Amino acid sequence: MAALKIMIVEDEIIVAKDIQRILKKLGYEAFDPFSNGKKALDAIEKLTPDLVLLDINLKSSEMDGIQVAEQIHQHYQIPFIFLTAFSDRNTLDRAKQTEPYGYIIKPFEEDDIRTAIEIAYYKYTKDLEMQNKGNRLDRKSTRLNSSHSSVSRMPSSAW
């Protein structure tokens, strides 16, 4: 399998570069970090990341990380993991609404990132499999229902 392409959205440049270094060491392809949520969203279609690591508190952005996550969730089928120093109830409640694939509390270790990415991407692929399986079942059910309704519309003399 090709290395996962990971987008980093983090406004603290030292932290962002450290994450990028860790990702490369772990064998992932890590894009140059984005400190601005809007610019990160604008780049998603061009870069086509497999996963996004997303800070919640983006001080240098008109959007916070949760707002960026809402856009990713609504418009792209890309898993994301929050990476943040915030774990208060209000932040956590807002974050949960975006259905993240993970939530890493700063300060973090290399193993925290590796584990979160592996579990998030595994769950994401399983979710896609279930979604595809459901789509196949829906199509099969539609075909069965349409053939059943055509049989039931046949005159009884045709039986």
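Can you find a residue in region 92-101 that is open to solvent by less than 10 Å² (accessible area, probe 1.4 Å), over 11 Å from the mean Cα position of the chain (by Cα) and within 14 Å of Ile8 (Cα to Cα)? Before the answer, list the steps.
Filtering region 92-101 for residues open to solvent by less than 10 Å² (accessible area, probe 1.4 Å) gives 95, 98.
Checking which are over 11 Å from the mean Cα position of the chain (by Cα) leaves us with 95.
From what is left, the residues that are within 14 Å of Ile8 (Cα to Cα) are none.
No, every residue in region 92-101 fails to be open to solvent by less than 10 Å² (accessible area, probe 1.4 Å), over 11 Å from the mean Cα position of the chain (by Cα) and within 14 Å of Ile8 (Cα to Cα).
For region 49-77, which positions are in contact with a strand residue (DSSP E or B) (Cβ under 6 Å, 6 or more places away or on another chain) and in a loop (DSSP other than H, G, I, E, B)?
Pro49, Asp50, Asp55, Ile56
Return a yes/no flag: does region 94-109 have any residue that is at pLDDT 95 or above, assigned to a helix (DSSP H, G or I) and not aliphatic (A, V, I, L, M).
yes
In this structure, does Leu41 turn out to be of a type in the set (A, V, I, L, M) and within 17 Å of the chain's Cα centre (by Cα)? Steps first, answer last, please.
Numbers: of a type in the set (A, V, I, L, M): yes; within 17 Å of the chain's Cα centre (by Cα): yes.
So Leu41 passes the test.
Quick one: Lys38 ticks every box in (1) part of a helix (DSSP H, G or I); (2) surrounded by 16 or more Cβ atoms within 10 Å (Cβ to Cβ) except a single one, so which number is it?
(2)
For Thr84, state whether it is within 17 Å of Asp11 (Cβ to Cβ), touching a strand residue (DSSP E or B) at 6+ places or on another chain (Cβ under 8 Å) and hydroxyl-bearing (Ser, Thr, Tyr). Don't jump to the end; show me each part of the working.
Working: within 17 Å of Asp11 (Cβ to Cβ): yes; touching a strand residue (DSSP E or B) at 6+ places or on another chain (Cβ under 8 Å): yes; hydroxyl-bearing (Ser, Thr, Tyr): yes.
Answer is yes for this residue.
Determine whether Ile22 is open to solvent by less than 80 Å² (accessible area, probe 1.4 Å), touching a strand residue (DSSP E or B) at 6+ places or on another chain (Cβ under 6 Å) and of a type in the set (Val, Ile, Thr). It would help to see each step written out before you state the result.
On the way: open to solvent by less than 80 Å² (accessible area, probe 1.4 Å): yes; touching a strand residue (DSSP E or B) at 6+ places or on another chain (Cβ under 6 Å): no; of a type in the set (Val, Ile, Thr): yes.
When the stated conditions are applied, Ile22 does not pass them.
For residues that are open to solvent by 30 Å² or more (accessible area, probe 1.4 Å) and part of a strand (DSSP E or B), scanning just region 25-35, find the one that is nearest to Ala116 (Cα to Cα).
Glu29
Might you let me know whether region 78-85 holds any residue that is small (Gly, Ala, Ser) and under 14 Å from Phe34 (Cβ atoms)?
Taking every residue of region 78-85 in turn, none turns out to be small (Gly, Ala, Ser) and under 14 Å from Phe34 (Cβ atoms).
Can you tell which of Met7, Met1 is at pLDDT below 95 and of a type in the set (A, V, I, L, M, F, W, C)?
Details: Met7 fails: at pLDDT below 95.
Only one candidate passes the filter, namely Met1.
Select, from Ile19, Ile8, the only residue that is of a type outside the set (Asp, Glu), in contact (Cβ under 8 Å) with a residue 60 or more places away in the chain and farther than 16 Å from Tyr124 by Cα. Spell out how you get there, then give the answer.
On the way: Ile8 fails: in contact (Cβ under 8 Å) with a residue 60 or more places away in the chain.
Residue meeting the stated conditions: Ile19.
For region 22-51, enumerate the residues that are aliphatic (A, V, I, L, M), farther than 20 Å from Met63 by Cα and touching a residue at least 60 places away in the same chain (Cβ under 8 Å).
Selection gives Ile22, Leu23, Leu26.
Let me confirm something: among Ile66, Ile6, Ile14, Ile56, which residue is surrounded by fewer than 21 Cβ atoms within 10 Å (Cβ to Cβ), within 20 Å of Pro107 (Cα to Cα) and not acidic (Asp, Glu)? I'd like the intermediate steps shown before the answer.
On the way: Ile66 fails: surrounded by fewer than 21 Cβ atoms within 10 Å (Cβ to Cβ); Ile6 fails: surrounded by fewer than 21 Cβ atoms within 10 Å (Cβ to Cβ); Ile56 fails: surrounded by fewer than 21 Cβ atoms within 10 Å (Cβ to Cβ).
Among Ile66, Ile6, Ile14, Ile56, only Ile14 is surrounded by fewer than 21 Cβ atoms within 10 Å (Cβ to Cβ), within 20 Å of Pro107 (Cα to Cα) and not acidic (Asp, Glu).
The values are calculated or read from the model by the stated rules, or taken from the named source; none is laboratory data. Predicted model only: the values in this text are computed from it and were never measured. In this analysis, Cβ positions are derived from the backbone assuming ideal geometry, glycine residues included, and neighbour counts consider all displayed protein chains. Calculation scope for accessible area: heavy atoms of the full protein, side chains included, ligands and nucleic acids excluded. Shrake-Rupley method; radii C 1.70, N 1.55, O 1.52, S 1.80 Å.
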